[in-house]
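Each reported figure results from applying straightforward, stated rules to the coordinates on display, with no laboratory input. Treat the numbers as computed from the prediction; the structure is a model and nothing was measured. Positions of Cβ are backbone-derived with ideal geometry, glycine not excepted, and every protein chain shown enters the neighbour counts.
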Amino acid sequence: MENLPGTTPPRPLVVGIGGTGRPGSATERALKAALSAAETAGTEVRLFGGQFLAGLPMFVPGRGVQGAAVAELVDAVGQANGVLLASPSYHGGVSALVKNGLDHLEHLADRTRPYLDGRAVGSIVTAAGWQTGGSTLTALRSVVHALRGWPTPLGITINTAEPVPGDGGQAARERCEVQLCTIGWQVAEFAVRAASSRVTAGAPR
């Protein structure tokens, strides 16, 4: 659809998916910080946080869209030009809550842009320690690849363990904030370009 003369085109959409079942979790706060950076960069943003994801039914292959909440998530991602994902590291892997939400994106298979095709996807992982964050980030980015998304150059792991005196905790928090802003901007930059791209609209399936 062409914009009428003198009207402002809609801003590209960036969707955030992630969090835990605990309100105000570090994972969701990190996701919100990255989304805020994307919004500052000129995109529209929409959050599907932990409590929303906790209300989704388990994905069942072949059953079709299971309720209004699933339809809301699928339609938002289908309209999005960029996506930000955030998962806690549970025993070295992506949380069931986040993975189930991503599994429901199977309902995008028959869209003009199937799955996450043509979308930049930023990945954020939180973990209480450094041991499992890397493996979870790799797993999350592998899911993005499987869904045909474009992982951003930057992927983030955040150690949420309590800092000990003298470990430079404040400096680490400031570096984390910079990284979250950077990944938000990377997704936003790609989203803005994708929104105006004729190649994306006519890409072969």
Can you show me the helix-derived [θ] at 222 nm for the chain, built from DSSP H runs with n ≥ 4 at -39,500 (n - 2.57) apiece and divided by the number of residues, rounded to the nearest 500.
-13000 deg cm²/dmol
Could you rank the peptides 52-61, 26-35 by their average count of other C-beta atoms within 10 Å per residue, with the highest value first?
26-35, 52-61
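Per the Kirkwood formula on distinct C-alpha pairs, the Rh of segment 13-198 is how many angstrom?
Result for segment 13-198 stands at 16.4 Å.
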Let me check against my output: what whole-number percent is the relative contact order of the chain, with C-alpha pairs under 8 Å and at least 6 apart?
26 percent
Report the rotationally averaged projected area of segment 12-63 based on its alpha-carbon convex hull, in square nanometres.
4.4 nm²
What translational D, rounded to a whole number of µm²/s, comes out for segment 33-83 from Stokes-Einstein when the hydrodynamic radius is the Kirkwood one over Cα pairs, at 25 °C and 0.890 mPa s?
196 µm²/s
